[in-house]
Structure formats: C-alpha cells, structure tokens
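The block underneath contains the structure these notes are about, expressed in structure tokens.
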Amino acid sequence: MNASALEANAAADAFASTRWTLVLAAGDGEAATHQSLDALSELCRIYWRPLYLFLRRQGHAPADAQDLTQGFFADLIESRSYSRATQEKGRFRSFLLGALKHFVADEHDRAHALKRGGGKLFQPLDEEALQEVETQFPSVSRGSADALYEREWAAALLRQAMERVAQESAIKGKSALFQALRSYLPSGEEAIPYEQIARQLNRGIVTLRSDVGRLRSRFRAILREEVRGTLSDPAEVADELRYLCQVLAQA
C-alpha cells in the first residue's frame, strides 16, 4: 500500500473516532466540559434540521419547534442521555429521534430544560437557516413525521459531505472547479453541460470528465465517513448507505 493510501486510511479512522466522540464526549466528567460543549455545538449544526422538521410535521409552531430543538440539545448534554448511544445501541440516527420523542413526551423534563435556556449551551439556531427551512417546509412535509425525519437525515448527511468536499477544494485552490462541477454530485441541481464548463474554465472536456470522476470518488468516500460516524458497527455502513439511498429515492 502506498503512502497516500495509508494517509487516507488513517484520516478515515481518525474521522470515525472523532465523529463518535461528538456523541459520547460529554461522558468523561467535568474535565470534558469544553470538549462536550464543542461536541454538542457540532451535533446541533449538523442534525438540527431533521429534528426541527420532525417537530414541525408533528404540529408544533415554528417558535415552539425552535425552542424544543434547542432545549433538547441542551438536555442531551446536561442529562447525559447521549451516553445511551454506546456501541451496543447501533445507529445514532435512531437514538437521536427516540431521545427527542422521550424529551417531548416528558412535560416536566421539557419545561425544566427550557427554563434553563436551551440556547445557552451553544450558539442559537441560525435565523437565516431557520427561514430557509420554513420556506421549504410546505414542499417537504408530506408523509409522516418519522418519514420526514429520515429524509432530512439523509439530506443532512449529503449536505455535510458536500460541505467537506467544498472545503477541501478551497484548500487546494480549486473552488472555481468545484463550483462548476458540483452539479455532477448528488446536489439536486441540473448538470451543467461539459461544453459550457469547458468554455468557462478553458479546460478540456476529457480533463473535466476525469475531474468529475475524482470528485465523485472523493464525495463517496466522505459520505461513507459521515455515515460511519453515526454507527457503532462499521460493518453496517453499506446497509445504512443503501437505506439512505432508498429514502432519498422515495423523496
């Protein structure tokens, strides 16, 4: 195995460990306070949309859904219920939804958590992003709340993978190339003809096809890392990916 492959494997292993830490970091006691808050902030950034839209589909008003989402993440870190997401618990996706349902159903705990101030443990939900989600809500709110959550979870993973590819491209000084070719990734955008991109970037079509191949390969690798980071058993990655693809195909 060459050095590049070794580095890739090491990066993938490190990322999987780090992602799982986002779920379990707060189980290390007082010494892990800052790490725990950082972990919660990252969890909130990546996964708040599926939870928020689940609550909206259940009939909660926008302001209430926002408070519940923030209160839930606050309670998750303070009550340390995330510690249930151990390696025996399987998919973080399922754990998170089950924990949210329990949180909402428990009126006393919910009121207590909200009284503490859900948004004080991390940055409040982004107002611009909330407005965007509310604009999308009428078109995505078909089916049950659980089905909506599954679709949005899959979409969140795709967004996260896309963000990472964009960041990597920027670091390599290839932002313009990424922006031109991103429609060839699972973005929901209509693919821009190669001829148009070739004129725009003064780049040969054969070269562009190779660029797309490399971009897709990297996107798939990153998506696998994202999925792996939400599972306790790496052997389940392929099944989880197939399931998420089925969910998206039915959207």
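The values are calculated or read from the model by the stated rules, or taken from the named source; none is laboratory data. Computed from a predicted structure; not experimentally measured. Don't worry about glycine lacking a Cβ; one is built from the backbone with ideal geometry, like all the others, and counts go over all protein chains shown. For the accessible areas, the whole protein counts, side chains as well, though only heavy atoms, and no ligand, DNA or RNA atoms are used. Shrake-Rupley method; radii C 1.70, N 1.55, O 1.52, S 1.80 Å.
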Solvent-accessible surface (1.4 angstrom probe) belonging to V206, in square angstrom, nearest 10: 110 Å²
So how much slack lies between A221 and L201, counting 0.36 nm per residue of separation and subtracting their Cα-Cα distance, in nm? 4.6 nm
Please compute the length gained on full extension between E189 and A105, using 0.36 nm multiplied by the number of residues separating them and subtracting their Cα-Cα distance. 26.4 nm
Residue order for R199, R142 - accessible surface, 1.4 angstrom probe, largest first: R199, R142
Would you tell me the accessible area of E78, worked out with a 1.4 angstrom probe on the heavy atoms of the protein chains, in Å² to the nearest 10? 90 Å²
For I205, I222, the accessible-area ranking with a 1.4 Å probe, largest leading, is I205, I222
Environment charge of A145, counting only residues whose C-beta is closer than 12 Å and scoring Lys/Arg +1, Asp/Glu -1: +2
